[in-house]
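Before any comments, here is the structure.
Read the figures in this text as sums done on the coordinates, not as results from a lab. The shown structure was predicted, so the numbers you read here are calculated from the model rather than taken from an experiment. So basically every Cβ, Gly included, is an ideal-geometry build from the backbone, and we count neighbours across all protein chains shown.
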């Protein structure tokens, strides 16, 4: 369950107008229940893989949703005349009315009777996706990687996927209780890559554990590595060749490393390393 230090990227302060848009989306939820969502264009979830650029500047308040099933990106931003759908299989950009979108909990659907206006084709420049909606030129650019030492707040604030997966995870209560009771200082140094698909899947579990252990003697330190991190000083110092890797110290002494299957239930793995059982 570890990505090596090769480059990999998974496939894939709101403004007032953006708040109004979101209000409209919420208001259409009842209509969606009556009409039903499009059979394909549904269950879009927030993604942190990209940022939206308008005229080369980041569009504050923009929300970028992903449906891996289609696949497609849905972009909602007050700087665009209409929400935009980017459809990789067609290579096409289509616009849709605000009133034909509906929020369902943490997802957005396109309503079944929505008209999708063809806006043109998108252009790829490296990893940047250029497109136009209503004459406004825009682009999706990969979000800069999270590098260097990070705390829990920075990790959860970086990515909607991290927050969503952390919130959905339920740590073993007995393991967490045992870790809270330890009298010695424990440090868990986690090496990860924000570009790493396995990190996106498993590191949020440990973020949830870290939230539940706040105020205890277990301290978490997260260190973001770049793609192709061979030669990176911190990784070399700690002999890290793959991510995610969690190094566990008790009283300043390394007692174990979290790798592979350890990330399935990280609180149980951590308890075993700390207590030796």
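Label separation (residue 137 vs residue 112): 4.1 nm, computed from points 7 Å beyond Cα along the C-beta direction.
Helical runs assigned H by DSSP (4 residues or longer) give the chain a calculated mean residue ellipticity at 222 nm of -7500 deg cm²/dmol, each run adding -39500 (n - 2.57) before division by the residue total.
At an R0 of 25 angstrom, the distance between the Cβ atoms of residue 97 and residue 40 translates into a FRET efficiency of 0.90. Cβ crowding within 10 Å ranks 66, 116 as 116, 66, fewest other Cβ atoms first. Only Cα pairs under 8 Å and 6+ residues apart enter the sum, and on that basis the relative contact order of the range 148-275 stands at 33 percent. In this rough spin-label picture, where each label sits 7 Å from Cα along the Cβ direction, the residue 219-residue 232 distance is 2.2 nm.
Peptides 205-214, 165-174 ordered by packing proxy, namely the average of other Cβ atoms within 10 Å per residue, highest first: 205-214, 165-174. In this label model, residue 90 and residue 127 are separated by 2.7 nm, measuring between points 7 Å along each Cα→Cβ vector. Relative to its Kirkwood radius, the Cα radius of gyration of the range 148-275 gives an Rg/Rh of 0.93.
Using 0.36 nm per residue of separation minus the Cα-Cα distance, give me the extension gain between residue 57 and residue 182 in nm, one decimal. Could you put the intermediate results ahead of the total?
Details: separation 125, 0.36 × 125 = 45.00 nm, distance 4.85 nm.
Between residue 57 and residue 182, full extension yields 40.1 nm more.
Between residue 255 and residue 147, the contour length at 0.36 nm per residue exceeds the alpha carbon distance by 36.3 nm. Between the alpha-carbon centres of the range 174-190 and the range 114-167 there is a gap of 36 Å.
Arrange the peptides 192-202, 50-60 so that the one whose residues have, on average, the most other Cβ atoms within 10 Å appears first. Mind dumping the intermediate values first?
Details: 192-202: 22.2, 50-60: 15.4.
Highest mean packing first, the order is 192-202, 50-60.
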